[in-house]
Amino acid sequence: MEMKHGNLSINSDNIFPIIKKWMYSDHDIFVRELISNACDAITKLKKLDGAGEYTLPEGYKPRIDVIVDDKEKTLKFIDNGIGMTADEVEEYITQIAFSGATEFLEKYKDKTDQDQIIGHFGLGFYSAFMVADQVNIDTLSFQEGAKPVHWECDGSTEYDMGEGDRTQTGTEITLYLNEDCYEFSNVYRVREVLEKYCSFMPVEIYLSRHAEEPETEIIDEKDLREDDQVIERIHTDAKTEEKENDKGEKETVEVSPARDEVKIRKRPELVNDIHPLWAKHPNECTEEEYKEFYRKVFLDYKEPLFWIHLNMDYPFNLKGILYFPRINTEYDSIEGTIKLYNNQVFIADNIKEVIPEYLMLLKGVIDCPDLPLNVSRSALQNDGFVKKISDYISKKVADKLSGMCKTDRENYEKYWDDINPFIKFGCIKDAKFSEKMMDYVLYKNIDDKYLTLEDCVKENQKPEEKAEEEKPAEDAQEKKEESEKEKVTIYYVTDPVQQSQYINMFRSQKMDAVILRHNIDTAFITHVERVKENVKFQRIDADLTEDLKEDGADLEEEKKALESLFRKALNNEKLEVRVENLKDEKVSAMVTLSEESRRMEEMMKMYGMGGMDASAFGGQQTLVLNAKHPLVQYIYSHQDGEKVTMFCKQLYDLAMISHKPLSPEEMTAFIARSNEIMMELTK
């Protein structure tokens with residue numbers, strides 16, 4: 001073949017600088033592109049064999065070799081796939097197939113950060129020029145009588161092509177790295193990139209290092225393979241020792257046998273698993289395999305709670321495994337990783353157009369060959385097909401969870417504390433998911449019993465309401481109107497220790513409350529109230545329920561006197577004070593804050609306005625004093641006593657402690673005052 005010098009068929013001289021600039025933030029992507037091309041070449045050759053148009057050589061093993069040369073600063077990608085003729089090199093490499101480079105450059109010149117373009121326009125091979133000053137191709141086509149081809153280009157729009165010297169069908173691409181990218185002549189850096197993009201590609205990928213001083217390893221001679229390069233043969237004689245036997249006689253015993261070993265050039269390292277777990281049928285996978293895959297892919301040594309294996313062929317092809325990770329405390333970062341693949345080729349992490357947002361809290365892999373290898377976010381946002389994938393994944397998760405609640409309630413309850421943030425976030429974010437899951441959301445009560453919303457409603461209904469509900473419905477419309485008027489209040493606790501006084505009061509009256517301590521719960525109960533109109537949530541200390549008070553006595557006079565006394569002692573003229581006869585005589589005082597004000601506070605914290613309290617929005621904490629308690633009675637009957645101001649402050653702080661933490665200044669004053677009161681008792 002005559003050496004040919006030509007120009008690449010591009011309408012612009014500056015395509016290569018643009019490629020380099022474009023992809024610089026993700027410039028290791030060239031490895032994925034070149035390996036993907038090599039995989040395609042092998043797949044095509046196997047298809048030709050399957051179609052009877054070509055016969056694979058006996059003992060053919062598809063493989064891709066990546067060879068790093070840290071001295072020459074080169075990187076080679078070698079495959080034993082279909083190869084190319086000179087005409088095919090001309091067609092696929094020198095004529096870059098997209099409609100008009102000028103329009104292309106114009107269209108994308110302002111989007112350097114937004115879209116990945118390598119691959120979109122047949123530019124996969126040219127990603128090599130992101131890191132190389134020169135790229136050579138040596139290739140031999142599978143076609144009978146084909147001649148080897150050598151092609152080289154130095155990153156300008158000119159190239160040279162002539163006859164090569166390759167003897168095996170396939171392609172070898174050599175990258176002469178530019179100075180800025182010498183990192184890719186380091187075998188550890190290249191392994192890192194291969195593991196990132198190619199861990200599960202469907203063809204075996206071997207990584208090796210070419211060096212003047214070859215790396216070696218010692219193996220047993222019986223494990224020697226034909227392709228091993230032997231450097232030295234090592235024979236070790238058997239070792240013997242003289243030992244006493246059971247009869248007390250001395251005899252020579254062999255303690256280690258003779259060994260024949262071979263020092264060989266270090267074998268190329270296999271860097272990928274061509275049969276990832278998600279590609280298998282769920283029935284073929286063991287529990288230990290699922291756990292091992294999780295550890296390997298996510299480097300998380302806390303065992304996952306459970307997983308969902310997705311396996312779908314119609315109406316689109318999708319496989320994957322979603323893991324529900326274990327969260328040790330509510331303070332653990334809930335940040336998952338969903339890895340997206342196309343035919344076992346890694347695309348990206350956490351693409352929210354494909355994965356429902358709330359499932360980003362999970363860890364998992366999704367493989368969908370129907371997705372483009374190079375994901376353009378703007379294209380995905382408007383893709384109805386992508387929305388169907390997202391909906392399918394969401395449905396499968398809801399089916400798995402609701403099914404578990406129905407058929408394996410014991411385990412579902414066991415997992416609940418860990419998985420509830422995922423489920424609640426899903427309900428808030430996805431109306432369909434919420435509709436499917438609302439009846440399977442659990443609420444743990446103060447006795448550690450798990451209830452559904454329906455259970456909670458029944459537990460919190462008044463006896464007369466329950467009786468009314470059991471009557472036959474004479475008028476459906478009338479019943480509906482009644483239920484809309486009368487909402488059932490579900491009481492909740494956010495901190496069982498802090499709010500223990502209120503819990504004890506509830507228990508004494510055989511009342512129930514549920515524990516909602518995660519930071520997502522405020523938003524979640526607002527969501528529940530929106531979709532379940534017969535329910536409202538109220539924190540246990542939001543108001544004094546009628547069940548905790550005794551009817552009867554007029555306490556207006558006591559209220560006026562005590563309100564004036566406490567306002568003066570606490571130097572707070574706006575302090576709201578109520579005086580009640582509480583059924584629990586041990587409670588002297590408590591603080592309540594309306595549910596609306598608390599939720600406003602929580603919302604402000606969420607938006608970074610945590611320094612503002614409820615009073616800034618018209619919310620008011622109320623001090624409730626128990627008229628039956630001796631301490632309150634003492635303050636009322638000794639209004640002019642010298643210690644009354646101190647007692648008022650102490651009583652208020654005690655009530656606040658069971659409501660929320662004191663500020664550092666308030667706590668300092670409280671401790672000093674407590675010491676002072678104890679000193680009084682010693683006099």
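Each value in this text was obtained by applying a stated rule to the coordinates, not by laboratory testing. Quantities reported herein were computed from a predicted structural model and do not represent experimental measurements. Positions of Cβ are generated from backbone atoms using ideal geometry, with glycine treated the same way; all protein chains shown enter the neighbour counts.
Structural remarks
- A cut-off of 5 Å between modelled amide H atoms, ignoring neighbours fewer than 5 places along the same chain, links HIS210 with VAL68, ASP69, ASP70.
- Label-point gap, in nm, between ASP133 and GLU596 - each point 7 angstrom along Cα→Cβ: 7.4 nm
- Taken one residue at a time, the phi angles of segment 493-509 give Karplus couplings (6.51, -1.76, 1.60, θ = phi - 60°) of 10, 9, 8, x, 6, 4, 9, 4, 4, 5, 4, 4, 5, 4, 4, 4, 9 Hz. Gly and Pro are set to x.
- With R₀ set to 22 Å, the beta-carbon distance separating ARG259 from ARG225 gives a calculated FRET efficiency near 0.75.
- Greater than 31 Å apart at Cα, pairs in LYS302/LYS449; LYS387/LYS449; LYS44/LYS147; LYS291/LYS388; LYS487/LYS549: LYS387/LYS449
- In units of the compact-protein estimate 2.2 N^0.38 Å, segment 185-312 shows a Cα radius of gyration of 1.66.
- Phi to ³J(HN,Hα) by Karplus 6.51 cos²θ - 1.76 cosθ + 1.60 over segment 336-349, Hz, x for Gly, Pro: x, 8, 10, 8, 9, 10, 10, 6, 6, 9, 5, 9, 5, 9
- For LYS266, nonlocal amide neighbours, meaning residues 5 or more places apart or on other chains whose placed amide H falls under 5 Å from its own, are GLU215, THR216, GLU217.
- Using a Förster distance of 56 Å, the FRET efficiency for LYS291-ASP640 (Cβ separation, nearest 0.05): 0.20
- Couplings 3J(HN,Hα) of segment 278-288, computed from phi: 5, 7, 8, 6, x, 5, 8, 9, 9, 4, 5 Hz, in residue order, whole Hz [Karplus 6.51 cos²θ - 1.76 cosθ + 1.60, θ = phi - 60°; x for Gly and Pro].
- The lysines whose alpha-carbon is closer than 23 Å to the alpha-carbon of LYS222, local same-chain residues fewer than 8 away aside, are LYS61, LYS239, LYS263, LYS266.
- Distant-in-sequence amide contacts of GLN538, defined by a placed amide H-H separation under 5 Å and a gap of 5 or more residues or a different chain, comprise ILE490, TYR491, TYR492.
- Highest-first arrangement of 261-269, 394-402, 536-544, where packing means the average Cβ count within 10 Å: 536-544, 394-402, 261-269
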